[in-house]
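To start, the structure itself, in structure tokens.
The values are calculated or read from the model by the stated rules, or taken from the named source; none is laboratory data. The shown structure was predicted, so the numbers you read here are calculated from the model rather than taken from an experiment. Because the Cβ atoms are built from the backbone with ideal geometry, glycine has one as well, and the counts that use them run over all protein chains shown.
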Amino acid sequence: MLSNMTHGIMNLVFASAALTGLTAWPSAHAQTRKPTPPKSVRMYVLDCGKITVANGDSMGFKPGELATANMVTPCFLIVHPRGTLMWDTGEIPDSAFKSGVAPQTAGAFTVDRPLLPQLAALGYTPADITYLALSHYHGDHVANASLFAGSTWIVQQGDRDKIFAPRADTKGKLGGVGDPAYFTGLDKSKTLLLKGEDYDVFGDGAVVIKFTPGHTPGHQSLFLKLAKTGPVLLSGDLYHYPEEMTYKRIPPFDTDKEQTAKSRAMIEDFVKKNKAQLWIQHDYTSGIKRKIAPEFYE
């Protein structure tokens with residue numbers, strides 16, 4: 001009787017396990033499915049950290065001229081019906097989170113959560129990212145760039161030359177090229193090398209890289225046409241604060257301040273003609289009010 005009872009219990013266990021496997025499979029299978037391409041462009045704002053700044057001295061401001069010296073550091077995932085674009089990759093690399101401790105800090109930088117899990121929550125891995133474009137080479141915009149070495153890298157000649165040129169360690173210095181480790185593998189990436197030109201990423205005018213040099217030799221901004229939100233211009237570091245427009249202040253560490261002024265004039269005219277919103281990426285006051293992924297703009 002004990003043998004029969006044991007046999008019956010084992011059958012029940014196996015049956016239960018089989019049922020569990022069947023019911024678990026669709027969930028696991030669903031996790032491997034890629035997101036359905038949207039009918040129009042989507043922009044996801046990813047939380048890639050914040051920068052705590054005591055004052056605006058390093059940016060050329062006098063006491064009382066800034067509403068706040070602090071900054072946000074977003075990254076952006078642009079999803080187009082024909083592919084995806086990663087725009088900027090944060091200020092602290094995901095590898096710093098190996099200890100499982102959050103937030104991670106590095107000087108003035110603080111990051112609450114790594115980048116890849118934020119992408120995964122949307123259904124994406126680096127292998128799903130068609131294009132990588134960095135506004136410029138400063139460390140607070142490029143910390144996870146190496147994760148996207150398998151994507152096609154869209155970069156201006158002026159910045160690429162600086163990234164791979166022999167140089168002294170400028171890590172943590174204003175105006176310096178980011179840590180060389182951030183760019184590991186990009187030298188072998190498929191590359192769209194731009195030579196002081198704009199670039200229509202998907203060929204339909206909906207996602208356009210604008211050449212805006214001055215802050216760095218190959219600095220870029222990003223223009224988007226969103227069906228519901230309307231046109232948006234992501235500034236990169238063409239501006240850091242709205243007050244730069246009011247006071248006409250340009251950071252003293254820009255590689256070419258005169259060129260920055262020309263790029264700003266061009267972009268301000270472009271924004272006006274296209275009736276676009278100018279998003280200053282580091283703008284703390286506006287940044288903390290924006291929708292963060294998994295919400296999106298379209």
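Of all the listed residues (111, 72), the sole one being touching a His at 6+ places or on another chain (Cβ under 7 Å), modelled with pLDDT of 95 or more and closer than 20 Å to residue 136 by Cβ is 72. Within region 134-148, can one find any residue that is farther than 25 Å from residue 54 by Cβ, in contact with a strand residue (DSSP E or B) (Cβ under 6 Å, 6 or more places away or on another chain) and modelled with pLDDT of 95 or more? Yes, region 134-148 contains at least one residue that is farther than 25 Å from residue 54 by Cβ, in contact with a strand residue (DSSP E or B) (Cβ under 6 Å, 6 or more places away or on another chain) and modelled with pLDDT of 95 or more. Identification of helices (runs of 4 or more DSSP H) wholly contained in region 111-216 with 2 or more residues that are closer than 25 Å to residue 268 by Cβ yields 139-142, 157-164. May I ask you to verify whether residue 258 is farther than 29 Å from residue 164 by Cα, more than 17 Å from the chain's Cα centre (by Cα) and among the acidic types (Asp, Glu)? No: the conditions fail for residue 258.
Test residue 89 against the stated conditions and say whether it is in contact with a Ser or Thr (Cβ under 9 Å, 6 or more places away or on another chain) and part of a loop (DSSP other than H, G, I, E, B). Here the answer is yes, as residue 89 does meet what is asked.
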